[in-house]
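The values are calculated or read from the model by the stated rules, or taken from the named source; none is laboratory data. Predicted, not measured: the structure shown is a model, and the values here were computed from it. Methodologically, a virtual Cβ is constructed for each residue, glycine included, from the backbone with ideal geometry; neighbour enumeration extends over all protein chains shown.
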Amino acid sequence: MTQTPPHVERPLEITSLSKSWGDYTAVKGFNVRIEPGEFVCLLGHSGCGKSTVLSIIAGLDNATEGGVCIDGREIDTPGTDRGVVFQSPSLLPWLSAIDNVTLAAAQVFPHLTRAQLRQHAMKYLTLTGVDDVATGSPADLSLGTQQRVAIARALSLEPRFLLLDEPFGMLDTLTRFDLQDTLLAAWEKSRKTVVMVTHDIDEALYLADRIILMTDGPASYVGEIIGVPFERPRARAQVLKHRDYHSLRNRVLDFLENHANHGKG
């Protein structure tokens, strides 16, 4: 009897991606290959097209030219294989934290009973450290706690890809650090492929395997890709003390200051 070969995950491939609105081109000729289980950060100045690229990967917007391929198939619609977390938590205010997560999980696991779905949701609320507020209303939760619930909701889909659009951008520094640690711990356990938009250099260096630097718009593109050599699992203090930390940080700063888009396209 012939056995079915095991599924081998293939890279997420973005090829010659361009996005225009009328005469304005936001992104042009964007190319990158993201390996399974890799944590990648898109970094660049505000308005350079980072979120545009992420929206196209999520299937929330369509490319004008080129596109995004998963398993060799071009995608142009949303799917539960991609969990998305935005800068704003975007929780449904009339549902409790656990019901927000349960509602999402039910789209992927319709065969589970309500009790099983709540157990599934609680697993991810625990993973993100907010199981103690499971029955709380979003209005009664801090912004940082709401964002933990939003991350739990995305993870509850058990997606292949976790797409994060500046998820900590609205938070104070201490809460931001706390959630970075939470995200990193959750990622270490799941090893999902992560694509995260950020404009914070230190955040990218702490979290990512590679940093994809985008030129300034219009017609932004991949200007440089920097590998991050810090061993995993990571601790913030060890990363900050690493001999390569400041040279890598300066390399990113140099790109942002001196290698922006000089009229390509």
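Taking Arg153 as the residue in question, decide whether it is among the charged types (D, E, K, R), within 29 Å of Pro110 (Cβ to Cβ) and touching a Gly at 6+ places or on another chain (Cβ under 7 Å). Write out each step before concluding.
Details: among the charged types (D, E, K, R): yes; within 29 Å of Pro110 (Cβ to Cβ): yes; touching a Gly at 6+ places or on another chain (Cβ under 7 Å): no.
So Arg153 does not fit the description; no.
Just give me the residues in the stretch 124-141 being in contact (Cβ under 8 Å) with a residue 12 or more places away in the chain and either part of a helix (DSSP H, G or I) or surrounded by fewer than 17 Cβ atoms within 10 Å (Cβ to Cβ) (or both), in sequence order. Tyr124, Leu125, Leu127, Val133, Thr135, Gly136, Ser137, Pro138, Ala139 - these are the residues of the stretch 124-141 that are in contact (Cβ under 8 Å) with a residue 12 or more places away in the chain and either part of a helix (DSSP H, G or I) or surrounded by fewer than 17 Cβ atoms within 10 Å (Cβ to Cβ) (or both). Close Cβ contacts (under 6 Å, 6 or more residues apart or on different chains) running from residues in the stretch 164-189 that are without any contact (Cβ under 8 Å) to a residue 40 or more places away in the chain to residues that are assigned to a loop (DSSP other than H, G, I, E, B) comprise Arg176/Phe168; Leu179/Phe168.
This table checks each residue for (1) hydrophobic (A, V, I, L, M, F, W, C); (2) modelled with pLDDT of 95 or more; (3) more than 21 Å from Val130 (Cβ to Cβ); (4) within 13 Å of the chain's Cα centre (by Cα).
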{"position": "Asp165", "(1), (2), (3), (4)": "no, yes, no, yes"}
{"position": "Ala185", "(1), (2), (3), (4)": "yes, no, no, no"}
{"position": "Ala208", "(1), (2), (3), (4)": "yes, yes, yes, yes"}
{"position": "Met214", "(1), (2), (3), (4)": "yes, yes, yes, no"}
{"position": "Arg243", "(1), (2), (3), (4)": "no, yes, yes, no"}
{"position": "His246", "(1), (2), (3), (4)": "no, yes, yes, no"}
{"position": "Asp254", "(1), (2), (3), (4)": "no, yes, yes, no"}
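Restricting Ser90, Ser51 to those that are among the polar types (S, T, N, Q) and at positive phi reduces the list to Ser90. In the stretch 20-39, of all residues being over 17 Å from Val197 (Cα atoms) and in contact with a Gly (Cβ under 8 Å, 6 or more places away or on another chain), the one that is surrounded by the most Cβ atoms within 10 Å (Cβ to Cβ) corresponds to Lys28. Residues in the stretch 66-121 that are more than 30 Å from Lys28 (Cβ to Cβ), basic (Lys, Arg) and buried (at least 16 other Cβ atoms within 10 Å of the Cβ): Arg118 only. Filtered by the rule that a residue be part of a helix (DSSP H, G or I) and touching an Asp or Glu at 6+ places or on another chain (Cβ under 7 Å), the stretch 23-51 gives a lone residue, Ser51.
Of the candidates Leu42, Leu17, the single residue that is in contact (Cβ under 8 Å) with a residue 60 or more places away in the chain and buried (at least 22 other Cβ atoms within 10 Å of the Cβ) is Leu42. The criterion of at least 1 residues that are within 30 Å of Leu117 (Cα to Cα) and of a type outside the set (A, V, I, L, M, F, W, C) is met, among helices (runs of 4 or more DSSP H) falling completely within the stretch 158-265, by 173-190.
Going by the conditions given, is Gly37 touching a residue at least 60 places away in the same chain (Cβ under 8 Å), under 13 Å from the mean Cα position of the chain (by Cα) and under 21 Å from Ala208 (Cβ atoms)?
Details: touching a residue at least 60 places away in the same chain (Cβ under 8 Å): yes; under 13 Å from the mean Cα position of the chain (by Cα): yes; under 21 Å from Ala208 (Cβ atoms): yes.
In short, yes.
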